[in-house]
Amino acid sequence: MQKKFGGSAIFLDRSDINTDEIIPAKYLTEVTKEALQPYILEDLKLDGFDPKGEKLKKATVVVSRENFGCGSSREHAPWVFEVNDVHTVIAESYARIFRQNMFNGGMLAIELPKADIDQLIALQEQGDVGIEVDLEGQSVIAKAGSEVKKFTFEISQFDRALVDSGGWVEFADARY
Amino acid sequence: MGKTLAEKIFDSHLRDEPFPGAKVLSLDRVLCHEITTPVAIADLVWREKDRVFDKTKLKVVIDHVTPSKDTKTATQAKILREWARRHDIPDFFDIGRNGVCHAIFPEKGYIRPGFTVIMGDSHTCTHGAFGAFAAGVGTTDLEVGILKGVCAFREPETIRINLNGTMPDGVYAKDVILHVISKLGVNGATDRIVEFRGPVVDKMSMEARMTLCNMAVEAGGTSGVCMPDMVTVDFLWKFIKDEFSTKEAAFADYSEWVSDEDAVYASTLDVDVSNLEPQVTFGFKPDCVKTVKELQGTPVDQVYIGSCTNGRLEDLRQAADVLKGKKIADSVRGIVSPATPKIFQDALEEGIIQIFMESGFCVTNPTCGACLGMSNGVLAEGEVAASTTNRNFNGRMGKGGMVHLMSPESAAATALAGVITDARTL
Ligand code: SF4
């Protein structure tokens with residue numbers, strides 16, 4: 001079953017955000033995804049960011065910079081997003097395992113060039129940013145105040161198939 | 001056109017290519033530990049697919065938090081233990097026989113040249129030291145690996161690192177890899193395989209090669225890899241002697257798993273180690289690296305020697321050489337964790353454990369322990385550690401704690417002085 005993409009965005013304007021920051025190791029003792037829910041981004045080192053704030057609570061899209069999700073392979077990172085209804089991450093680039101984990105869970109890790117991320121981040125000045133993802137058209141439409149911006153992205157056929165089938169377990173089970 | 005080792009392994013293990021560029025490989029090893037596997041097990045049970053593709057290809061260990069520290073970690077261990085029993089998995093290592101995954105599995109001879117290996121653990125790249133393709137994956141990949149024996153990867157490109165020159169005294173594989181990461185950057189090898197070549201690697205032990213490959217992921221690499229050679233054969237000989245008539249025959253067979261001379265690389269980096277100094281990280285990213293001398297004098301609260309990077313016998317020996325007959329500073333807590341029971345026993349027999357204890361170190365059982373701040377050796381807010389592990393992320397060894405990564409020798413010297421110290425200045 002396909003996840004719900006797009007919605008209200010939160011901006012984590014820093015490169016190299018690692019999975020220890022997304023979900024600290026001390027919560028890896030949980031054996032259900034749901035139990036992770038309160039701890040999202042608890043250890044993130046970023047000026048002005050409040051892991052308990054309204055902005056994060058509302059967000060269903062995370063926008064960030066380079067090498068997002070580096071470090072530990074823990075799938076708890078995509079899971080903590082998933083159980084907080086964040087099914088879309090948009091960043092300049094990803095660590096391989098995190099990106100694969102997102103698609104393996106049927107979620108989206110969209111890559112946009114730096115110039116586009118700059119524009120997206122600048123949009124915040126117009127107010128809260130809402131994002132629509134058009135998977136067919138491979139585009140992202142961002143709206144804030146009266147401003148609307150459109151960016152195109154690429155998704156491989158395989159990643160698209162994972163999203164469509166709801167994840168790698170479903171895909172592999174049907175095929176192997 | 002020649003092929004890289006990784007390309008050869010991909011070709012030989014290709015099970016399916018559902019879409020261009022998506023390579024589904026058959027797996028020779030699926031390694032499991034108690035932190036990332038229980039959720040995969042729970043999901044398989046929930047899907048009514050509680051099966052394993054081949055119990056002899058699964059290798060299972062409880063290593064991250066052992067002995068269990070609380071009800072939750074005891075439950076994780078229990079889930080793994082019961083699953084291993086239920087499927088009659090022959091190679092399952094529980095307390096008393098367990099050690100850090102990336103140390104114990106190679107020690108048992110489970111990793112061979114040309115193998116494909118996955119584990120729900122980012123430092124799985126360690127096993128590339130044997131000429132294998134070994135990649136860390138998430139729990140979903142692990143789950144499909146357990147059930148179907150396959151995993152999907154993008155077509156790999158390889159970065160070739162030529163390590164030239166001769167290693168100066170007091171400089172080790174850890175210093176080399178920290179230096180290489182500082183050159184590549186934390187995402188310089190993303191979606192790439194990092195191939196370590198050259199005369200320096202040829203002379204390295206398997207332990208040192210594992211230290212190199214272990215940290216490939218800190219530059220974003222999918223896997224590290226070294227070419228199998230006589231050093232590899234010697235290491236594996238006790239496990240393979242029934243398969244081959246002579247060591248030379250084994251070597252000839254493994255030569256299949258060497259990159260061709262005319263293989264095409266994404267890029268090449270030449271590093272001359274001859275003038276390299278002992279290295280140490282600062283800040284919260286593994287590519288923030290200085291010489292130990294530059295940070296000389298920085299006070300530390302704890303020194304940790306262990307982990308899948310530097311918890312092997314050779315590492316303990318190097319540290320013990322520095323510690324012998326001396327006491328660590330009063331201001332420092334020293335913790336050493338031999339990475340496997342065999343390493344512990346060998347270190348006992350060599351008198352290394354005695355040296356550590358007499359110098360004031362606490363010797364723990366084989367475990368990941370302090371490395372990821374989940375159990376013994378967690379830092380308090382504002383504390384600083386000198387550590388032989390592989391990650392200096394903010395809070396990695398405990399919220400608000402700071403970690404300086406370095407070699408076992410530098411860590412031992414730092415323990416004696418209580419401040420970051422170049423062992424050569426002692
Ligand atoms: S020793 Fe540290 S890095 Fe290695 S597997 Fe254990 S937790 Fe991970």
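Computed from the coordinates by the stated procedures, all read-outs in this text should not be read as laboratory data. All figures in this text were calculated on a predicted structure; none of them were measured in a lab. Methodologically, a virtual Cβ is constructed for each residue, glycine included, from the backbone with ideal geometry; neighbour enumeration extends over all protein chains shown.
Observations on the model:
- Whole-Hz Karplus values for region B:118-132 come out as 10, 7, x, 6, 5, 8, 4, 3, 3, 5, x, 4, 8, x, 9 Hz, taken residue by residue from phi with 6.51 cos²θ - 1.76 cosθ + 1.60 and θ = phi - 60°; glycine and proline positions read x.
- For B:G334, the residues whose amide H sits under 5 Å from its own are B:V303, B:C362, ignoring neighbours fewer than 5 places away on the same chain, with H placed 1.01 Å from N.
- Shown here are the Rg and Dmax of the Cα trace of region B:158-272, at 14.7, 44 Å.
- Per-residue HN-Hα couplings for region B:152-162 [Karplus 6.51, -1.76, 1.60; θ = phi - 60°; Hz; x = Gly/Pro]: 9, 9, 6, 3, x, 10, 10, 9, 9, 10, 8
- Dipole magnitude of chain A about its Cα centre (Cβ charges: Lys, Arg +1; Asp, Glu -1), debye to nearest 20: 140
- Inter-part distance where region B:1-35 and region B:89-159 are each reduced to a Cα centre, Å: 12
- Globularity index of chain B, i.e. its alpha-carbon radius of gyration over 2.2 N^0.38 Å: 0.94
- Dividing the helix sum by the residues of chain B, where each DSSP H run of 4 or more adds -39500 (n - 2.57), gives a mean residue ellipticity at 222 nm of -9500 deg cm²/dmol.
- Rounded to the nearest Hz, the phi-derived 3J(HN,Hα) couplings of region A:106-122 under the Karplus curve 6.51 cos²θ - 1.76 cosθ + 1.60 (θ = phi - 60°) are x, 9, 10, 10, 8, 9, 10, x, 3, 4, 5, 5, 3, 5, 4, 5, 5, where x marks glycine and proline.
- With neighbours defined as other Cβ atoms within 10 Å of a residue's Cβ, the residues B:T4, B:T291, A:T152, B:T36 order from fewest to most as A:T152, B:T291, B:T4, B:T36.
- The Kirkwood hydrodynamic radius of region B:5-154, based on inverse pair distances between different Cα atoms, is 15.5 Å.
- A Förster radius of 35 Å combined with the Cβ-Cβ distance from B:L269 to B:E48 puts the calculated FRET efficiency at roughly 0.10.
- For region B:37-51 versus region B:374-426, the spacing of their alpha-carbon centroids is 38 Å.
- Which of B:Y172, A:Y27 has the fewest Cβ neighbours within 10 Å, and the rest in rising order: A:Y27, B:Y172
- Close amide H pairs (under 5 Å, H built 1.01 Å from N) link B:V289 with B:F282, residues at least 5 positions away or on another chain.
- Database remark: amide H of B:N164 closer than 5 angstrom to the amide H of B:V271, B:D272, B:V273 (H placed geometrically; neighbours at sequence offset of 5 or more, or on other chains; Pro and chain starts carry no H).
- Members of B:K108/B:K247; B:K69/B:K148; B:K8/B:K238 lying beyond 29 Å, as alpha-carbon distances in this model show: B:K69/B:K148
- Ordering B:R51, A:R96, B:R81 from the fewest to the most neighbouring beta carbons within 10 Å gives B:R51, B:R81, A:R96.
- For chain A: relative contact order, % (alpha-carbon pairs under 8 angstrom, 6 or more apart): 24
- For chain B, hydrophobic long helices are taken as DSSP H runs at least 18 Å long by C-alpha position along their axis with mean Kyte-Doolittle hydropathy of 1.6 or more; none is present.
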